Each structure stands twice: as structure tokens, then as C-alpha cells.
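Beneath this line is the structure, given in C-alpha cells, with notes to follow.
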Amino acid sequence: MSISKSNLKVIIVGGGPVGLTAAHALTKAGISFTLLEQRPSAVIDAGSNLVLQPEGLLTLSSLGILPQIMAASTALGKIERIDHKGRSIGNVDWFLNMAKKYVNAKYRHDDTNKASTGHAPRTLSRHDLTSVLYNTLPVDKQANIIPDKKLATITSTPTGVVVTCTDGSTYEGSLIIGADGSHSKSRAQMHSLALSSASTSVNEETPFLTTYNCLWIRMPISATQGIIPGISSETHGKGLATQFFAGDDTAVLGIYEPLPEPTKKRQYFTSADEQALVERWGHVKLLHGNDLTIAEMYAKRAQAGLVTLEEGVLEHWSWGSKIVLVGDAAHKYTPSTGSGCNNGMVDACLLAKELSAALEENEPIEAARIEAAFARYQNLRKDVSIATCTGSGRATAMATWSGSILSFIDVHIIPRRIVQNFIGKRITV
Ligand SMILES: Cc1cc2nc3c(=O)[nH]c(=O)nc-3n(C[C@H](O)[C@H](O)[C@H](O)COP(=O)(O)OP(=O)(O)OC[C@H]3O[C@@H](n4cnc5c(N)ncnc54)[C@H](O)[C@@H]3O)c2cc1C
């Protein structure tokens, strides 16, 4: 069978922000899809709030949904920074600089030479982001999002792939986009298929390394005193850093704590682990001139979660013409630079663009065309992803004062305007 736009069927595994972005981008490219999500809905009220950077806003703008995103989010301004004793260590203006930043064409999915949303980064809840992504899909495409479907295995067939879910149901398609997060089952299946096909492109089985854990806490803004939506603040110091962002409805806090030793082992946490972290660091203040502490925010929490912060970028982002990975399944960063979701959304749009272009080419070997599109997608995304991973890891190391040189730079060099302007122009998110 020859592959064309009209008969290509993509199975997206995972309905997080990146899987839903892929659904939009494929719809825009005229490629049909089925999305399988393990949870009861792609839109759920769970998870940390997110910061959308210029690249992410530009991506959402290219999908035609920027107005809805703007309405659901809050602009962020300068970041106030304090140490563990509540003393100012100098503010930074990354966010304001970013509003002016032009996005390098190499890392973008649209065709203009230069583009900028002109907007400062914005914060919104994961619920609101996925809700906008879901609700702005055409109704007939929403019907292609199938909840309560957890990928178990992927089988390669002469004409495509068969996905089997844990409930025994099966779905046939031409290829799979794995958007199922950092513990991706698609990635694990891709690894097994690459091994069994004696492929020369086999990833490490556990590609990501964890150096930090993170407790995130969401709190209704109504429970705070004197905190205005848009406020951003960080507390830095030896062994612990925090990031606080206030939105219109909720404020979110991310608390980063280094592990005694980096590990590739998956960790599981209980609420006792959460509470132990709060007992260790509950006294730490979150804002300059405000008495809000970690303990108080945890006590007033709407939601919280202790998670591992894996870091790494996959060597191979696809297997043949059958499986390709996007978002956290392909690359995982610490959230210090607010990059994971933003980069994942760009992945999804660039991949759809490359796929669409491949289907319009006129070459004889169809599978090879898809494979080449996957390779072009990886070429566009891998280097920027490695740079982002390194940058976010460094930002977390600096904020947790992992060494005297980093703490010196953090306190004495970073607050200088000339340094911020220099770095601001070079930030890749
Ligand atoms: C505390 C914290 C703060 C963060 N802040 C930011 C930020 O400010 N900005 C930013 O850009 N990024 C941020 N990130 C990173 C961001 O959350 C991730 O990069 C983003 O969620 C990745 O999206 P994704 O869709 O690839 O994966 P996920 O969000 O992990 O979604 C994966 C989806 O796949 C589903 N799934 C998993 N396994 C299966 C299966 N076997 N079958 C079917 N479905 C499956 C899951 O249920 C889920 O819906 C933050 C992360 C953390 C932990």
C-alpha cells in the first residue's frame, strides 16, 4: 500500500500537553490520528502549574489558540531572589528580556525568518493548558481521544503497528508518536523492538539520570496575603532552592532538593516523604518582605506532589518508520528554566510539519520517506534539547549552591544587568 496523507493513521500515545499539541498539529496538517490516554480524561485537575515561554506561546499561536491561552494565563514579571535567611540576592529580568527576544529560526516550526510573540512568559495550571488544547480541537477530532487506554505493547506489522492496551483492546495504525512522558512505555517498547530487530540504533534502557527531587505545591491565591498575581520569586541556598509563581487563581511552588547521590533507579514516594521534606525545610521563606514559608504553603495546599527530576536527552528519537518520540519521552530536564513542556510542544509541531512534507514528496520508497522525516525532526530538535538540558541542570545546581563557584556566580555575577542581557539573548528554552 502506498502511504499518502489520506491513508496515514497516527496513533498518539499519551494525552498530556505534548500529546494534545500533536493532535492539533496533525489536524492542521490534515493527518488523521487516534490518541490513547491512560487516565479517565486528558483534562484533569492535577500537576504543577507551568510557565509558557516565548517558544511555547509562538507554537500555540501557530495553532491559532493564543487568545484562549492568554485568557487562561497570567503574565510574569521580574524574578525576586532571596537566600535561605530571606535576604535579597538581587532580582533578575529574564522574563522581561524574553518578551523582546526573537526566536532563532533553527529551533522553530513556522516559516518566518524571525518571530517573537512579544509576550512575557505566562503561568497557568496544567488543567487550564490541557483544557484549552482539548476544547479548541474540532469536535470530530475530540472524539479521536480515547481515555482509559493504557499502552501495554507495540507490535510491528508489514503495514504499520498494532498497539495493545492493558485492557486487551487493540488499535492499528501506520506509526506511533510516543508522548507518554518521562517513564514512557512507548520508549521501552521502542527499545525492545530495536533490540529484537538487531538495529544499530538502540538507546540505553534507562536513559535519564536523577540528581534532584522536587516537591511542588499549589495553593489558592485567595489563601495568600499581599501576593499579587504575576509575582515570581526564588529562594536559593545550599541544599535547597525554590521557585514561586503567582497566577490569577493559584500560586505554585517548586522545591528542589539534591539527592545524596545521582541515580538511574526509579523512586516512588509516599505522603510521609513529602512531610519529611517539609519538616526539613519548612522554615524557608519564599518571598522578599513576606512571611510565607514552605510549611505555611504546604498547610494551605490545594495539591502537592513529590517527584523525581530525571535529566537526559535520548540518543535515538525514533525506530524505523514506526515509532517516534516527543516531549518528556525523548528529553527530560529539571524545571528550573521552565523548558520541558515548551520544548515538547515545539517537538510536536515540527514533527507534524516534517511528516506532512514527507507525504507530499514523490519518492518511491514510502517507509524510507517517513524514516527520513523522523531523522530531520531529530536533527532539528536534538541539539537544542541537549543545550536546554545542560542549561536547566546548571540553573538548578546554581540555585542549590552546589559548590562555592556556583554560589559566588549566583549571588555576585547573575544580578548584574550586563550579564542578564548577555545570557538573556542566548537562552534556549
Ligand atoms: C514541578 C514541575 C514544574 C514544571 N514546570 C514547567 C514549566 O514551568 N514549563 C515547562 O515547559 N515545563 C515544566 N515542567 C515540565 C513539564 O511538566 C513536562 O515537560 C510536560 O508535562 C511534558 O509533557 P508530556 O505531554 O511530554 O508528558 P506528560 O505531561 O508526562 O504527559 C504524558 C501523558 O501520557 C499519559 N501516559 C503515560 N503512560 C501512558 C501509557 N502507557 N498509555 C497511555 N497513556 C500514557 C499520562 O497519563 C499523561 O497524560 C515542570 C515539571 C515539573 C515536575
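Brief remarks on what is shown
- Within segment 323-341, considering residues that are near the ligand (Cβ under 9 Å from one of its atoms) and among the β-branched types (Val, Ile, Thr), the one nearest to Ser196 (Cα to Cα): Val326
- Residues in segment 29-48 that are in contact with a Gly (Cβ under 6 Å, 6 or more places away or on another chain), at pLDDT 95 or above and more than 6 Å from the ligand (Cβ to nearest atom): 1 in all.
- Residues (in a strand (DSSP E or B), over 19 Å from the mean Cα position of the chain (by Cα) and away from the ligand (no atom under 12 Å from the Cβ)) located in segment 210-250: Met219, Pro220, Ser233, Glu234, Thr235, His236, Ala241, Ala246, Thr250
- Some residue of segment 61-72 being crowded, with 24+ Cβ neighbours inside 10 Å and either assigned to a helix (DSSP H, G or I) or in contact with an Asp or Glu (Cβ under 9 Å, 6 or more places away or on another chain) (or both): no
- Every listed requirement among (1) surrounded by fewer than 22 Cβ atoms within 10 Å (Cβ to Cβ); (2) of a type outside the set (S, T, N, Q); (3) more than 10 Å from the ligand (Cβ to nearest atom); (4) in the same structural domain as Pro220 (by TED's automatic domain parsing) is met by Gly320 save one, (4).
- Residue that is farthest from the ligand (Cβ to nearest atom), among those in segment 1-28 that are of a type outside the set (Lys, Arg) and modelled with pLDDT under 95: Ser2
- Look at (1) hydroxyl-bearing (Ser, Thr, Tyr); (2) within 16 Å of the ligand (Cβ to nearest atom); (3) within 24 Å of Ile65 (Cα to Cα) and you find that Ser356 fails only one, number (2).
The values are calculated or read from the model by the stated rules, or taken from the named source; none is laboratory data. Bear in mind the structure is a predicted one, so any value in this text is a computation, not a measurement. Heads up, the Cβs are rebuilt from the backbone with ideal geometry, glycines too, and the neighbour counts pull from every protein chain shown.
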